[in-house]
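The values are calculated or read from the model by the stated rules, or taken from the named source; none is laboratory data. As the structure is a computational prediction, the values presented were derived from the model and not from experiment. Positions of Cβ are backbone-derived with ideal geometry, glycine not excepted, and every protein chain shown enters the neighbour counts. Note: areas computed on protein heavy atoms with side chains; ligands, DNA, RNA excluded. Shrake-Rupley method; radii C 1.70, N 1.55, O 1.52, S 1.80 Å.
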Amino acid sequence: MQKKHLILSGLAGSLLAMPAYASTTSMANDSILILIALMAFSFINAIVQACCYFSGQYVQSSFSQKHVTVSLLFPLAALIGFVSQYESFAQFVLYLGAVVLSIGTALIPVPLTNKKSPSRLSTLILLTGAIVILPLSIIVAPISIFSIALCHIGLKQTDIPPFAKFATVLTLLTSYGLLFYWLYQLITQVMS
């Protein structure tokens, strides 16, 4: 009876055993960090796209084309990073799928051009997006670039309520402060 149990457990163990592949953990970690950064970029970019759409910024086709061009830079850089570091075909397909999804989300402003006209709440919508992104930039400082962009777009609007202008300038200064502090820390680390 015990031999039968050992044979069954040995058979089950051999069916569930997976082959061991040797890989360097540093390359895998770099690829995973690039993947996480790419997905975070796509999420933050989706927030910016929603703010720009609901505030009516995509009425101008030149604005949506500039947004798409800037949005495509990071997925293309990630693709170059993935191509230089992939270890297996399955990993390459996974990363290529993430890049294709990111490129797809970056192209969203193209069909949204000329769909919604600007409203009188445009500045408040852009300010809300900047304030939502601002706490995330405390964790990852380069994200403050998105908040800075939304604040600059908000300050270009025609009818800005005084409170919205004050809050936008305050958010803009805070975002610049976070970005410059991060750059200062980065420069001091590189210099030492």
>> Between Ala37 and Phe89, how high is the FRET efficiency from 1/(1 + (r/R0)^6) when r is the Cβ-Cβ distance and R₀ = 22 Å? Nearest 0.05.
In response: 0.45
>> With a cap of 16 neighbouring Cβ atoms within 10 Å, and only residues DSSP puts in a loop, list the trypsin sites (Lys or Arg not before Pro) found in segment 81-169.
In response: Lys115, Lys116, Arg120, Lys156
> What is the P(r) of segment 51-192, as percent of Cα-Cα pairs per 10 Å bin from 0?
Replying inline: 12, 30, 33, 20, 6, 1
> Arg120 versus Gln60, label points 7 Å from Cα toward the beta carbon: distance in nm?
Replying inline: 2.3 nm
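Just by accessible area at a 1.4 angstrom probe, what is the order of Val169, Val48, Val70 from largest to smallest? Before the final figure, lay out the partial values.
On the way: Val169 60, Val48 15, Val70 95 Å².
Largest accessible area first, the residues go Val70, Val169, Val48.
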> Quick one: Cα centre-to-centre distance for segment 44-110 and segment 119-192, in angstrom?
Replying inline: 21 Å
